[in-house]
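The values are calculated or read from the model by the stated rules, or taken from the named source; none is laboratory data. In this text the structure is predicted, and so the values were computed from the model without any measurement. Here Cβ is always computed from backbone atoms with ideal geometry, including for glycine, and neighbour counts include all displayed protein chains. Side chains are part of the model used for accessible areas, which takes the heavy atoms of the whole protein and leaves out ligands, DNA and RNA. Shrake-Rupley method; radii C 1.70, N 1.55, O 1.52, S 1.80 Å.
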Amino acid sequence: MEDKDLIAYARDAREHAYAPYSRFKVGAALLGRSGKVYTGCNVENASYPAGTCAERCAVGKAVSEGEREFTDIAVIGDSEGPCAPCGICRQVLSEFNPYMRVIMTNLRGDTRVCAVSELLPGAFAKTDLRDA
Ligand code: THU
């Protein structure tokens with residue numbers, strides 16, 4: 001799948017964002033090794049910390065459907081530059097594949113692509129757990 005196609009999925013998912021508090025809508029599209037795309041949007045809450053990001057929404061959908069290997073994720077928001085995943089989402093993406101390509105973009109089409117490991121160098125990982 002080409003990056004522009006994954007971005008199109010993310011852009012569509014962004015339309016479903018529930019962001020009445022920040023008014024900052026985000027969409028994500030996660031590409032599984034199987035070729036299947038899992039979309040996500042941010043879902044905010046009146047109890048602000050209970051809100052979730054688009055990226056983690058997509059990961060939750062994918063894992064709950066049995067997929068755990070991901071090659072790419074596209075993220076889109078109406079940001080000044082390419083929309084970058086927050087720190088918690090970087091950690092969550094790193095869990096599944098530190099080399100996953102992250103395609104960050106905005107509504108203007110400004111785009112940056114890099115690996116999760118570049119966004120979160122030295123991430124805590126399952127190999128750091130002694131007994132897991
Ligand atoms: N947000 C995401 O969903 N993903 C990102 O990559 C950046 C931030 C959401 C969280 C919150 O609902 C809103 O954007 C403003 O921070």
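Just a few scattered comments:
- From the list 57, 83, the one residue that fits, being within 20 Å of residue 19 (Cβ to Cβ) and in a helix (DSSP H, G or I), is 57.
- The stretch 1-16, subset of a type in the set (D, E, K, R) and part of a loop (DSSP other than H, G, I, E, B), residue surrounded by the most Cβ atoms within 10 Å (Cβ to Cβ): 15
- For the stretch 108-125, the candidate set comprises residues that are more than 12 Å from residue 3 (Cβ to Cβ) and of a type in the set (Gly, Ala, Ser); within that set, the residue that is most open to solvent (accessible area, probe 1.4 Å) is 122.
- Within the stretch 22-37, restricting attention to residues that are over 10 Å from the mean Cα position of the chain (by Cα), of a type outside the set (A, V, I, L, M) and within 24 Å of residue 100 (Cβ to Cβ), the residue that is nearest to the ligand (Cβ to nearest atom) is 24.
- Some residue of the stretch 38-53 being closer than 12 Å to residue 10 by Cα, open to solvent by 70 Å² or more (accessible area, probe 1.4 Å) and near the ligand (Cβ under 10 Å from one of its atoms): no
- On inspection, residue 19 does not qualify as within 14 Å of the ligand (Cβ to nearest atom), at pLDDT 95 or above, open to solvent by 30 Å² or more (accessible area, probe 1.4 Å) and of a type in the set (Gly, Ala, Ser).
- Scanning the stretch 77-84 for residues that are more than 11 Å from the ligand (Cβ to nearest atom) and in contact (Cβ under 8 Å) with a residue 24 or more places away in the chain turns up at least one hit.
- Screening residue 95 with (1) in a helix (DSSP H, G or I); (2) closer than 20 Å to residue 7 by Cα; (3) more than 11 Å from the ligand (Cβ to nearest atom) gives one miss only, at (2).
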